[in-house]
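Asker: Encoded as structure tokens, here's the structure I'll be asking about.
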Protein chains: 2
Amino acid sequence: MPEDSLGVPPGTLIMLILRVLQHGPLHGYAIAQRIHALSAAVLQIEEGSLYPALQKILLKGWAEGEWGVSETNRKVRFYQLTPAGRKHLATEVADYDRVTQAIQSILRPARS
Amino acid sequence: MPEDSLGVPPGTLIMLILRVLQHGPLHGYAIAQRIHALSAAVLQIEEGSLYPALQKILLKGWAEGEWGVSETNRKVRFYQLTPAGRKHLATEVADYDRVTQAIQSILRPARS
DNA sequence: TTGACAGGCATAGCGTAACTAGGTATAGAT
DNA sequence: ATCTATACCTAGTTACGCTATGCCTGTCAA
């Protein structure tokens, strides 16, 4: 892993994947690239993390997978968010925000 | 665990402990209470997480432990931040902020 | 006075989740 | 022809917080 890129915090990977899928279907490799790019190259998802996470997403019914051909002419699997996936994403983001706020209130309390 | 309290995200526990120790020495039980209170009861640290984390903190030299007596007259171990602990805390907070920013830029990109 | 309860410390084992390391395969470029 | 980037997948490891459990001691009510 490049030394100035970090892995995502445990518990956030699936949320991030579902979030980038909100723009429209993507294949796995493109999902990792999108997260890398959107995060200004701070976040890096390893393939050994990505594909198991996608399997779980399919299994949970948060996205549907469909084999197709990429813009670079390769056989790829496109993932499309389901309504259940959208709903799950919303609750995940809400929980994440709640916890993040709580951590901020410890790192930077109103009155130190 | 109370259902409206959550565990801390993996990777943040030691940072939070060191942070509350910046105000001055505390014993273990009080550390957990402080984090709970400062987070408006959102974050809950279980004892099975707390004490192993404190062991690691001692081992790494981020704090020193000293046995004493609590305000409630019980034998307790007070933890005091070391210079190394302060330094480690600073880098942990910096990394955390960097990643948190990156995640925000995916959850809420400037242009959607 | 004794028993429950809260405060307080500690560890073994578990579960979750991301990572390392390895494998397979193909399109396009040199 | 072979190298590189693209693309998918899995087994095993590791990190880390949690559950469950055990132990001890003040305080307070019955």
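Asker: Counting only residues that are more than 12 Å from the chain's Cα centre (by Cα), give me the helices (runs of 4 or more DSSP H) lying completely in chain B with at least 1 of them.
Answerer: In chain B, the matching helices (runs of 4 or more DSSP H) lie at B:28-38, B:47-60, B:83-107.
Asker: Report, ordered by the first and then the second residue, all pairs with beta carbons closer than 6 Å, sequence separation of six or more or different chains, a first member in the range B:51-75 that is open to solvent by 70 Å² or more (accessible area, probe 1.4 Å), and a second member that is in a strand (DSSP E or B).
Answerer: Within 6 Å, the pairs are B:GLU64/B:GLN80; B:GLU66/B:PHE78; B:TRP67/B:ARG77.
Asker: Here is a follow-up. Here's a check for you: in the range A:61-112, which residue that is of a type in the set (Phe, Trp, Tyr) and within 16 Å of DNA strand C (Cβ to nearest atom) is nearest to the other protein chains (Cβ to nearest Cβ)?
Answerer: My answer is A:TYR96.
Asker: Which members of the range B:18-35 meet the condition of being more than 10 Å from chain A (Cβ to nearest Cβ) and either without any contact (Cβ under 8 Å) to a residue 60 or more places away in the chain or away from DNA strand D (no atom under 14 Å from the Cβ) (or both)?
Answerer: If the condition is that a residue be more than 10 Å from chain A (Cβ to nearest Cβ) and either without any contact (Cβ under 8 Å) to a residue 60 or more places away in the chain or away from DNA strand D (no atom under 14 Å from the Cβ) (or both), then B:LEU21, B:GLY24, B:PRO25, B:LEU26, B:HIS27, B:GLY28, B:TYR29, B:ALA30, B:ILE31, B:ALA32, B:GLN33 are the ones that fit.
Asker: Applying the selection to the range A:1-26, what residues are modelled with pLDDT of 95 or more and touching a Gly at 6+ places or on another chain (Cβ under 8 Å)?
Answerer: A:PRO9, A:PRO10, A:LEU18, A:LEU21
The values are calculated or read from the model by the stated rules, or taken from the named source; none is laboratory data. Note that the coordinates shown come from a computational prediction; the quantities given were computed from them, not determined experimentally. Using ideal geometry, Cβ is built from the backbone for each residue, glycine included, and neighbour counts are taken over all protein chains shown. What goes into the accessible areas is simple: the full protein's heavy atoms, side chains included, and nothing from ligands, DNA or RNA. Shrake-Rupley method; radii C 1.70, N 1.55, O 1.52, S 1.80 Å.
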